[in-house]
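This report refers to the structure that appears directly beneath it.
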Amino acid sequence: MTEPVVIGFGQLKWVKDANTKIVALAATTSFTNTGYDLEESAAGAAGTTYTVPVGKQFIMLWFRPVMNGASVKEGFYLNERYGGSNYRKCAYGMNAQADDPVLDKSDIQCYFPFQAGSTVNVNTYTASMNMTFFALGIETDV
């Protein structure tokens, strides 16, 4: 008997089947408070904005914000962008060290579902903050 292939992150696991896959997202460039839709890239291909396919949902399970430069206290909003509007999933504050403008935050486990047709959007509190963002999640049937 073959063991099932399990995918997920941390305590959250799914049995991998033809309808379930891991999706890795990233901000491939630094961004500020103008907002940025995260991208998915295939091997050897340029990144493209990830939009949750029809009949699917994306469940973000992990993210890592990386602060590239900021004043002392900054943060970001994680949004579900749908139909031209942002719907806030979370707000997260960060405290940059004055002597270390590059601050790599710890891995953050979460459970944020995104509906079909939406994108994962991140923006910083202020234009003075510059960051990149990485995320992992599961794309599965609704």
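Within the range 112-135, the only residue that satisfies the criterion of being open to solvent by 50 Å² or more (accessible area, probe 1.4 Å) and under 8 Å from the mean Cα position of the chain (by Cα) is Phe134. The set of residues in the range 20-33 that are modelled with pLDDT of 75 or more and β-branched (Val, Ile, Thr) comprises Thr20, Ile22, Val23. Taking the condition at pLDDT below 75 and open to solvent by less than 40 Å² (accessible area, probe 1.4 Å), does Phe9 pass? Against the criterion (at pLDDT below 75 and open to solvent by less than 40 Å² (accessible area, probe 1.4 Å)), Phe9 does not qualify.
The values are calculated or read from the model by the stated rules, or taken from the named source; none is laboratory data. Computed from a predicted model, the values in this text were never measured in an experiment. Each accessible area value is taken on the protein alone, full model and side chains, heavy atoms only, with ligands, DNA and RNA left out. Shrake-Rupley method; radii C 1.70, N 1.55, O 1.52, S 1.80 Å.
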